[in-house]
């Protein structure tokens, strides 16, 4: 595929964002990710999109969730953007650390949040969270092998 930027806007409801992650699945199949990498990348995207609906918009439809895909020669960048109340990046990092410290032999260590961000932090090559032009942006990057 040729490098480029693609944007898709959907309503802030779980059904639409789940459908959007399925659409991206066909996009991922055109990259040179193995099946497991493709599955895990789609899972990360779905986690980010659903988190946007749940946390940014409180499960209320009528708001816009923007997915921007920036395709480079050896990587794809996913930006999930919303205009809900944002959080500090440090809060996401703290949630990841808390989710990481789960001890399966001690169920009381299971955190109420952060597991989706933990998956994103482990699967994606990099992630960032920031505000841009009044919007909250979660940026996730995944590298792949360029076609020969």
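Read-outs throughout are calculated quantities, based only on the coordinates presented, and are distinct from any laboratory measurement. Given the structure is predicted, the values throughout are model-derived calculations rather than measurements. Please note: Cβ atoms are built from the backbone with ideal geometry, for glycine as well, and neighbour counts cover all protein chains shown.
Residues in segment 23-39 that are farther than 9 Å from residue 142 by Cβ, part of a helix (DSSP H, G or I) and touching a residue at least 12 places away in the same chain (Cβ under 8 Å): 23, 24, 25, 27, 38.
Between 83, 89, the distinction of being in contact (Cβ under 8 Å) with a residue 40 or more places away in the chain and over 22 Å from residue 8 (Cβ atoms) belongs to 89 only. Look at residue 17 and say whether it is surrounded by 14 or more Cβ atoms within 10 Å (Cβ to Cβ), under 12 Å from the mean Cα position of the chain (by Cα) and either part of a strand (DSSP E or B) or at negative phi (or both). For residue 17, the condition - surrounded by 14 or more Cβ atoms within 10 Å (Cβ to Cβ), under 12 Å from the mean Cα position of the chain (by Cα) and either part of a strand (DSSP E or B) or at negative phi (or both) - is met. The set of residues in segment 41-85 that are farther than 29 Å from residue 31 by Cα and more than 15 Å from the chain's Cα centre (by Cα) comprises 57, 58, 59, 60, 61, 62, 63, 83, 84, 85. Residues in segment 61-69: is at least one in contact with a strand residue (DSSP E or B) (Cβ under 6 Å, 6 or more places away or on another chain), touching a residue at least 60 places away in the same chain (Cβ under 8 Å), part of a loop (DSSP other than H, G, I, E, B) and under 18 Å from residue 142 (Cβ atoms)? Within segment 61-69, none of the residues are in contact with a strand residue (DSSP E or B) (Cβ under 6 Å, 6 or more places away or on another chain), touching a residue at least 60 places away in the same chain (Cβ under 8 Å), part of a loop (DSSP other than H, G, I, E, B) and under 18 Å from residue 142 (Cβ atoms).
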